[in-house]
Amino acid sequence: MTALLAQPRIRLGTFPTPLQAAPRLSDAVGLEVWLKRDDLTGFGLGGNKVRGLEFLLADARRRGCDHLVTGGGPGSNWAMLAALGARTLGMESLLVCYGDPVPPVGNMALATMIGAEVRFTGDPDRTTVDSTIEACTAELRGAGRTPYPLGRGGATAVGALGYLSASLELTAELAERALAPAQLWLATGSCGTQAGLFAGAGWLRPGYEVVGVSVSRPVAECVMRVGDVAAAAAELVGLPRPSGTPTVRGGHLGPGYGKRSPDGDAAADLVARTEGVFLDPIFGAKAMAGLLAAARAGDVTGPVVFLVTGGAPTLFTTP
């Protein structure tokens, strides 16, 4: 724990975020559900990426970097929040988006408003972001800059420390309520959030299973990435490698990454109407659809905690 607390960190968010009972949702699905409100992290428009950025941007500052280079899709919550965080430290930012240029709406509008440079790869393949980040990093170094490159989602050992640390926060909240959930559910995309929680569960032994619902990658790839990043994060702060295999469920991607799904929309509608909480259509809604499907199948017992990961701008821009 001492090594974790000693890690460089810049305070961006407002923590702890609320852990709220969801009684009307629980009645509707026949399962006791609690919501961990990480849509309320208090930086920008909130969201789970704030936790990892506190460690990543501290690392960038420690290394004397003056330029953040990262990317994702045109509507990426991660990319916008990373650019916003960099701006608060006086760093420039360059965001790489796959595909062709699109009008600046939603997260893209917010990123450009704060002065981020945006480049498009011209290729719809998401992996082109990774190679273009490398090229842009080399370009900046050639120009005498000191860039800090980050892959999509910030899913690195340093980034995963955000949710390794959040595990301590959640453990304290559960203890205050004498609550012993069977599972903690969340959306799994770039895998850094689940990796931090998986490492945290291996360390603290809170008694709950961390269940990710893949909204982006094949399940097998997610399992491998979560395990690898969790192990690296644990090693970074001197904790034992998490044992066991990460739990990742599939079947709720819908038409594809970055697109709405019918069961995701239905799940989001239910949560909004019962609890007044909005789930984004790309991540949170699909993860909730996975939880609801498991409840209908009798494949999960309560209580459960659902991590609300934010992403408010995509509510208005996702087709």
Scan of the range 226-244 for residues that are among the β-branched types (Val, Ile, Thr) and farther than 26 Å from Ile282 by Cβ, ordered by number: Val237
One residue from Gly122, Gly151 being under 18 Å from the mean Cα position of the chain (by Cα) and within 30 Å of Gly256 (Cα to Cα): Gly151
Tabulated pairs, the range 49-67, first of a type in the set (Val, Ile, Thr), second open to solvent by less than 10 Å² (accessible area, probe 1.4 Å) and at pLDDT 95 or above, C-beta under 9 angstrom, 6+ apart or interchain: Val50/Asp38; Val50/Thr41; Val50/Leu81; Val50/Gly85; Val50/Gly162
Which listed residue, of Pro218, Pro242, is farther than 28 Å from Pro74 by Cα and of a type outside the set (Lys, Arg): Pro242
Positions within the range 125-146 being under 24 Å from the mean Cα position of the chain (by Cα) and outside any helix (DSSP H, G or I), in sequence order: Asp125, Arg126, Thr127
Gly144 surrounded by fewer than 18 Cβ atoms within 10 Å (Cβ to Cβ) and closer than 20 Å to Arg61 by Cβ: yes
The lone exception for Ser261 - which of (1) open to solvent by 10 Å² or more (accessible area, probe 1.4 Å); (2) out of contact with any Phe, Trp or Tyr (no Cβ under 9 Å at 6 or more places or on another chain) it fails: (1)
Close pairs (8 angstrom Cβ cut-off, 6 or more residues apart or separate chains): touching a residue at least 40 places away in the same chain (Cβ under 8 Å) and more than 15 Å from Arg217 (Cα to Cα) in the range 280-292, assigned to a helix (DSSP H, G or I) and of a type in the set (S, T, N, Q) anywhere: Asp280/Asn77; Asp280/Thr314
Check on Gly290, surrounded by 17 or more Cβ atoms within 10 Å (Cβ to Cβ) and of a type in the set (Gly, Ala, Ser): yes
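Return the residues of the range 293-317 that are assigned to a loop (DSSP other than H, G, I, E, B) and within 20 Å of Arg217 (Cα to Cα); say none if nothing qualifies.
Listed by number, the residues that qualify are Thr309, Gly310, Gly311.
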Out of Arg225, Arg249, sole residue that is modelled with pLDDT of 95 or more, of a type in the set (D, E, K, R), open to solvent by 60 Å² or more (accessible area, probe 1.4 Å) and in contact with a Cys (Cβ under 6 Å, 6 or more places away or on another chain): Arg225
Selection count where residues are of a type outside the set (Phe, Trp, Tyr), in contact with a Phe, Trp or Tyr (Cβ under 9 Å, 6 or more places away or on another chain) and under 15 Å from Phe283 (Cβ atoms), scope the range 185-225: 15
Scope the range 175-191; condition open to solvent by 10 Å² or more (accessible area, probe 1.4 Å) and either over 12 Å from the mean Cα position of the chain (by Cα) or over 24 Å from Leu292 (Cβ atoms) (or both); matching residues: Ala175, Glu176, Arg177, Ala178, Leu179, Ala180, Ala182, Gln183
Answer from Phe283, Phe316 - the residue that is under 20 Å from the mean Cα position of the chain (by Cα), open to solvent by 10 Å² or more (accessible area, probe 1.4 Å), among the aromatic types (Phe, Trp, Tyr) and closer than 13 Å to Gly189 by Cβ: Phe283
Some residue of the range 102-119 being more than 18 Å from the chain's Cα centre (by Cα) and under 14 Å from Thr137 (Cβ atoms): yes
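The values are calculated or read from the model by the stated rules, or taken from the named source; none is laboratory data. Computed from a predicted model, the values in this text were never measured in an experiment. Glycine gets a Cβ as well: all are built from the backbone with ideal geometry, and neighbour counts include every protein chain shown. The area values use the complete protein model at the heavy-atom level, side chains included, leaving out ligands, DNA and RNA. Shrake-Rupley method; radii C 1.70, N 1.55, O 1.52, S 1.80 Å.
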